[in-house]
1. Of all residues in the stretch 136-182, which are of a type in the set (S, T, N, Q) and surrounded by fewer than 21 Cβ atoms within 10 Å (Cβ to Cβ)?
2. Go through the stretch 60-72 and give me each residue that's surrounded by fewer than 17 Cβ atoms within 10 Å (Cβ to Cβ) and either in the same structural domain as P153 (by TED's automatic domain parsing) or of a type in the set (D, E, K, R) (or both).
3. Step by step: first the residues of the stretch 158-199, then only those that are assigned to a helix (DSSP H, G or I) and among the basic types (K, R), then the one that is nearest to the chain's Cα centre (by Cα). Which residue is that?
4. Does any residue of the stretch 30-37 turn out to be hydroxyl-bearing (S, T, Y) and under 28 Å from L158 (Cβ atoms)?
5. Step by step: first the residues of the stretch 27-57, then only those that are among the hydrophobic types (A, V, I, L, M, F, W, C) and buried (at least 19 other Cβ atoms within 10 Å of the Cβ), then the one that is nearest to the chain's Cα centre (by Cα). Which residue is that?
6. Yes or no: F185 within 19 Å of M79 (Cα to Cα) and either buried (at least 18 other Cβ atoms within 10 Å of the Cβ) or of a type in the set (S, T, N, Q) (or both)?
7. If you check every pair at least six apart or on different chains, which have Cβ atoms under 6 Å apart with a residue in the stretch 118-139 that is among the aromatic types (F, W, Y) first and a residue that is not in a helix (DSSP H, G or I) second?
Amino acid sequence: MVLFSAPDCIYSHSCRLVLVEKAVECDIVDVGDQDATYKLAELNPYNETPTLVDRELVIYGTRVVNEYLEERLPHPPLMPIDPVNRARARLIMMRFDREWIGTYPPIAESAQPMKAEQLKEVRDGLISMSPTLSDQPYMLGVEFSLVDCIVAPFLWRLPAMGIELPAQAKPVIDYANRLFERPAFRASLTDAEKEMRRK
């Protein structure tokens, strides 16, 4: 397998995290390299990351890649086994992407800081998650899942966005720290992503 990934791309980070959680042997190709950029343009009509190549198959889009990896390599499982909770997980991922991740430009490419109302919207939304996360260690309950693989890269980037969570968001802060302490999360970080928390 080969994953075309950008070193500071939040979507690529999610796929890298899934690969490490599943202990998949995969070549990570940094599209910052010119040759890799040309190759990516040949493989993906949108010329974007993440793009996964598995033998003759080429797929792209974070959720498509992550769910393919889940089905192709089912151990350890990162999705619930029953259809109701799988649908619930997909809804959470869709909402998270649509309402937060997909709304804001990539940090490295953003010439303008986020507006105060955008910062407040994200901060308030995260605070509203506190009651759920005060009762369970992960987004879907006691098991780490694909939902957490989507959320973790976003939470990692909060300081780079200029977002500091208040005390009433302690369950979210604790949840973020649990995610960041996972060995797979640490292994999924690029040098550029490590720098996001050193500033």
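1. Narrowing the stretch 136-182 to residues of a type in the set (S, T, N, Q): 136, 145, 168, 177.
Selection gives Q136, Q168, N177.
2. Listed by number, the residues that qualify are R63, E71, R72.
3. R186
4. Of the residues in the stretch 30-37, the ones hydroxyl-bearing (S, T, Y) are 37.
Cutting the leftovers down to under 28 Å from L158 (Cβ atoms) gives us none.
Within the stretch 30-37 (the criterion being hydroxyl-bearing (S, T, Y) and under 28 Å from L158 (Cβ atoms)), the answer is no, since none of the residues qualifies.
5. Step one: of the stretch 27-57, the residues among the hydrophobic types (A, V, I, L, M, F, W, C) are 28-29, 31, 36, 40-41, 43, 52-53, 57.
From the residues that got through so far, the ones that are buried (at least 19 other Cβ atoms within 10 Å of the Cβ) too are 29, 31, 40, 52-53.
Values: V29: 17, V31: 18, L40: 20, L52: 15, V53: 19 Å.
Looking at residues that are among the hydrophobic types (A, V, I, L, M, F, W, C) and buried (at least 19 other Cβ atoms within 10 Å of the Cβ), I get L52.
6. Against the criterion (within 19 Å of M79 (Cα to Cα) and either buried (at least 18 other Cβ atoms within 10 Å of the Cβ) or of a type in the set (S, T, N, Q) (or both)), F185 qualifies.
7. Y138/F144
The values are calculated or read from the model by the stated rules, or taken from the named source; none is laboratory data. Just so it is clear, the model here is predicted, and its values are computed rather than measured. Heads up, the Cβs are rebuilt from the backbone with ideal geometry, glycines too, and the neighbour counts pull from every protein chain shown.
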